[in-house]
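Scroll down for the structure; my scribbles are underneath it.
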Amino acid sequence: MSDFDTLCKQLEAMDPETFTEIFNELSVEVINEMAKITLDGGDALESYLQFILATVAADGKLSEEEFELLKPIFDMITEEDTTYQEGVSIFKNMGLDSPDAYKEIIDTMVDVIGLVSEKTKDDIIMLCLLVCAIDGEVTQKEKEWIAQLALPLTIDVTPMEYIDAFLTKAQVFTLATTDGDQPRMRILGLKLNLDDKIYFGVGTFKDVYKQLKANPKCEILASVGMDFLRWDGKAVFSDDPRFLPMLKAVMPELAQMYFDMGWSFGFFTLEGGSAEVVNVSNQKIKIF
């Protein structure tokens, strides 16, 4: 039996009072830690609720034991004293009885896990595991769901790696600049990674290059599903000779066209700004 299976068995045998005590203690710690990477307490609480409710949805049903453990959450949602049957109705109305319909939240949860401390990662996994075990059995579906959260814990991701992965998923992104007092936006798709920095390329003959030179303050916006990355700062250009061979490797046709036309690229990164991921519910994860 694996260590994970042994832990599951121990939690399955735990008495309800101990369960509740540990669950409440970890909940407070996790919410406090999430508040450090989100913009306000409401965002932290919403992230916490997503973790908990998505965990309940892992096997597509809300047991009475799970409801009793999570009753304060349901009471918070309804602002009333919720019964089990009312909790089941809320569960179904939120689509939580169909795990696949709620699966996209895993990406957000993994993103959050990638930004917190090792201890908080462990606390989050333990919270989810407690929810799964409260009814006396951690099912195979629940174990597989927990694994989706636990596996990324072995990977350390820097902020630039996080942003780069998001931009890669997005494929294209928007660059916002100013032209005097007029905002300007255009779609970009070229990015290069060099020395743990992300560089963007624009033609030096284009207005966007002139705008960045005149006022380097700019912002990158990208979207993946219902999540949006916002990264602002000042454009700092570099003429590192390594850019050209990198460009030829990732976009050979574009590189050849610029060569044939006698054009050149200006490569810049953003410095001195901030970055965050926001979803349509206005839940925000601060990257830096």
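Taken together, the values in this text are just the output of simple stated rules run on the coordinates, not laboratory data. Note that the coordinates shown come from a computational prediction; the quantities given were computed from them, not determined experimentally. FYI the Cβ positions are ideal-geometry reconstructions off the backbone, even for glycines, and counts take in every protein chain you see.
From the square roots a ≥ b ≥ c of the eigenvalues of the alpha-carbon gyration tensor of region 135-288, which class results: rounded (a/c under 1.5), prolate (a/b over b/c), or oblate? Don't jump to the answer; show the numbers that get you there.
Values: a/c = 2.66, a/b = 1.83, b/c = 1.45.
Prolate.
Highest first, please rank the peptides 237-244, 50-57 by the mean number of other Cβ atoms sitting within 10 Å of their residues. Kindly include the intermediate steps, with their values, before the conclusion.
Numbers: 237-244: 12.5, 50-57: 22.6.
Highest to lowest by the protection proxy: 50-57, 237-244.
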- Per-residue ³J(HN,Hα) for region 180-189, Karplus 6.51 cos²θ - 1.76 cosθ + 1.60, θ = phi - 60°, Hz, x for Gly and Pro: x, 9, 10, x, 10, 9, 8, 8, 10, x
- Task: Please arrange 257, 94, 34 by counting, for each residue, the other beta carbons lying within 10 Å of its beta carbon, fewest first.
- Result: 257, 94, 34
- Amide H neighbours of residue 224 at under 5 Å, excluding residues fewer than 5 places away on the same chain, with H built from the backbone geometry, are 229
- Measure up 9/284; 92/191; 169/248 against 32 Å on the Cα-Cα distance and list the ones that go over. 9/284; 92/191
- Query: Once phi is turned into θ = phi - 60°, what whole-Hz ³J(HN,Hα) does the Karplus curve with 6.51, -1.76 and 1.60 give for every residue of region 203-208, x standing for Gly and Pro?
  - Reply: x, 5, 8, 8, 4, 4
